[in-house]
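First the structure, in the form of structure tokens, and then the observations on it.
The values are calculated or read from the model by the stated rules, or taken from the named source; none is laboratory data. Please read all numbers here as calculations on a predicted model, not as lab measurements. Glycine gets a Cβ as well: all are built from the backbone with ideal geometry, and neighbour counts include every protein chain shown. The accessibility values were calculated without ligands, DNA or RNA, using every heavy atom of the protein model including side chains. Shrake-Rupley method; radii C 1.70, N 1.55, O 1.52, S 1.80 Å.
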Amino acid sequence: MPDAFPILRDQLPHPADLEAALRGREDFLVACENTAETEPEIVQTAIDFAQTQDGQALLDAIFGNSPFLTQCLLREPSWLGRMCLEGTSALAKAVIDETRVATRQAWDDACLMRVLRVHKRRIALTVAIGDITGSWSLYEVTEALSDFADAAASAAASYVIRRAADRGAFVLKDAENPERGSGYIIIGMGKLGARELNYSSDIDLICLFDADAIETDNRDGLQQHAIRMTRTLARILDERTADGYVFRVDLRLRPDLGSTPLAISVLAAETYYESLGQNWERAAMIKARPIAGDLDAGNDFIDHLRPFVWRKNLDFAAIQDLSLIHI
């Protein structure tokens, strides 16, 4: 076992359901046998580890407490072998890196959705094992989950941007990296913006488009294209399939929710915040950061809002209002 994957048995949670733990161990060995032909050495590593005291304690903690992690491990038992060989930290980084380029493996929506859901299963299992074995800190857990969310949003954004360009919505400035210079911006809010995601967090997004950064012959149709892109992106991440889902997506933090579409222009957003922005929106923007799409345009947008977020002067009513906000 590598140093990156230590097992502190006294820190592992005891199985709440002993029968489920025993049944899980049996099912795990069966799953290993069923996949042994494809990755024999890695599967054998998983089997050998499962037969040690440390391995049995870890598997009991998983199978006896978490049906979700149980299903993750039984669907891909070789993943435990990879953790034994590579360590949880290196493996988590590899999953995140592979997720960012997931569009290279995708020829349609369904293919991309499956790839992202497989990666979600892998990152969830890897992070959880790093967490419950005591080898990861809370910061490392939330950072990895947030980095994966960034990567998944980036893969989905790259896909919808390329699809829109193929339909003639605009011209790609970088065919190898569709997000770069695209003018399509995804802002992470809340826990995602602050890199504080937990295992069950949804992701709060604001989707914008910068008309000045987009090369197109049909500027009047940009908003409709951006709305379609945002709707598709949310479905790719949010929709439940046989492989589960990636993240629940919440688009309700966008400016003027009641009267704006799913994606609005940067100019409209800036005008709203500067003229009608509420104190709760000012507080929410403290955690905002660009996570996918055109990151340069996203950073310019955040910089432009700094005077709104960090007002030089506050009246007593504003101070009282801000004191009641919990973010």
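Of (1) in contact with a Gly (Cβ under 9 Å, 6 or more places away or on another chain); (2) open to solvent by 60 Å² or more (accessible area, probe 1.4 Å); (3) among the polar types (S, T, N, Q), residue 154 satisfies all except one. Which?
Here residue 154 clears every test but (2).
Among residues belonging to region 158-215 that are among the hydroxyl-bearing types (Ser, Thr, Tyr) and outside any helix (DSSP H, G or I), point out the one that is surrounded by the fewest Cβ atoms within 10 Å (Cβ to Cβ).
Ranking the candidates gives 200 first.
Assuming residue 95 fulfils every condition listed in (1) open to solvent by 10 Å² or more (accessible area, probe 1.4 Å); (2) in contact with a Lys or Arg (Cβ under 9 Å, 6 or more places away or on another chain); (3) closer than 27 Å to residue 194 by Cβ apart from one, which condition is it?
(1)
Are there any pairs with C-beta distances below 9 angstrom linking a residue in region 194-211 that is in contact (Cβ under 8 Å) with a residue 12 or more places away in the chain to a residue that is open to solvent by 40 Å² or more (accessible area, probe 1.4 Å) and small (Gly, Ala, Ser), with the two at least 6 apart or on different chains, and if so which?
Pairs that qualify, where the first residue is in contact (Cβ under 8 Å) with a residue 12 or more places away in the chain and the partner is open to solvent by 40 Å² or more (accessible area, probe 1.4 Å) and small (Gly, Ala, Ser), are 208/268.
Is it the case that region 197-212 has a residue that's farther than 30 Å from residue 115 by Cα and not β-branched (Val, Ile, Thr)?
Yes, region 197-212 contains a residue that is farther than 30 Å from residue 115 by Cα and not β-branched (Val, Ile, Thr).
Would you mind telling me which numbered condition in (1) in contact with a Gly (Cβ under 9 Å, 6 or more places away or on another chain); (2) farther than 19 Å from residue 69 by Cβ; (3) surrounded by fewer than 24 Cβ atoms within 10 Å (Cβ to Cβ) residue 121 fails?
Here residue 121 clears every test but (2).
Tell me, yes or no, whether region 272-291 has at least one residue that is free of Cβ contacts under 8 Å to residues at least 12 places away in the same chain, assigned to a helix (DSSP H, G or I) and either under 23 Å from residue 320 (Cα atoms) or open to solvent by less than 30 Å² (accessible area, probe 1.4 Å) (or both).
yes
Restricting region 120-157 to residues that are of a type in the set (S, T, N, Q) and assigned to a helix (DSSP H, G or I), which is nearest to residue 199 (Cα to Cα)?
142
May I ask you to verify whether residue 202 is among the acidic types (Asp, Glu) and either at pLDDT 95 or above or in contact with a Ser or Thr (Cβ under 9 Å, 6 or more places away or on another chain) (or both)?
yes
Please state which of the following conditions residue 239 fails to meet, knowing it meets all the rest: (1) modelled with pLDDT of 95 or more; (2) under 22 Å from residue 93 (Cβ atoms); (3) open to solvent by 50 Å² or more (accessible area, probe 1.4 Å).
(2)
I'm checking my understanding of the structure. Among residues of region 292-314 that are basic (Lys, Arg) and not in a helix (DSSP H, G or I), which one is least open to solvent (accessible area, probe 1.4 Å)?
311
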